[in-house]
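A quick write-up on the structure given underneath.
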Amino acid sequence: MRNAKVGRFFTAISTYTIIVWTLYPIVWALGEGTQRISVNTEIILYAVLDVLSKGLFGGWLLLSHLWIQEGHVPITGWWIEGAGNIQGSASERRGLLDDD
């Protein structure tokens with residue numbers, strides 16, 4: 001189990017994602033659905049939503065990786081050393097790939 005800081009971050013980023021992604025169908029309804037906004041306004045709104053949902057979300061995620069040290073997950077496995085360094089037959093190497 002992770003600590004409270006990671007839990008708060010997950011709650012914040014989940015809420016942010018739900019809110020931003022809920023705006024997409026609203027923009028569609030206002031534009032294509034009811035034609036209450038112009039095509040240019042619709043394009044601008046989609047562009048803003050794209051930046052918010054992908055660019056800002058990705059930046060937030062990367063920065064939080066630096067800020068929240070408790071959230072780091074150790075990465076272990078054969079890929080750390082490289083698959084080419086594994087000794088054994090092809091079937092033994094395939095068995096390593098199938099491990100969970």
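The values are calculated or read from the model by the stated rules, or taken from the named source; none is laboratory data. Everything numeric here is computed off the predicted structure, so don't read it as measured data. No Cβ is skipped: glycine too gets one built from the backbone with ideal geometry, and neighbour counts run over all protein chains shown.
Observations on the model:
- Residue in region 27-34 that is in contact with a helix residue (DSSP H, G or I) (Cβ under 9 Å, 6 or more places away or on another chain) and β-branched (Val, Ile, Thr) present: yes
- Condition check for Ala12: out of contact with any helix residue (DSSP H, G or I) (no Cβ under 9 Å at 6 or more places or on another chain) and small (Gly, Ala, Ser): no
- Residue match in region 86-98 (condition: more than 25 Å from Thr11 (Cα to Cα), among the β-branched types (Val, Ile, Thr) and either under 21 Å from the mean Cα position of the chain (by Cα) or modelled with pLDDT under 70 (or both)): yes
- Test: residue in region 57-65 that is farther than 30 Å from Ile26 by Cβ, at pLDDT 60 or above and surrounded by 10 or more Cβ atoms within 10 Å (Cβ to Cβ): yes
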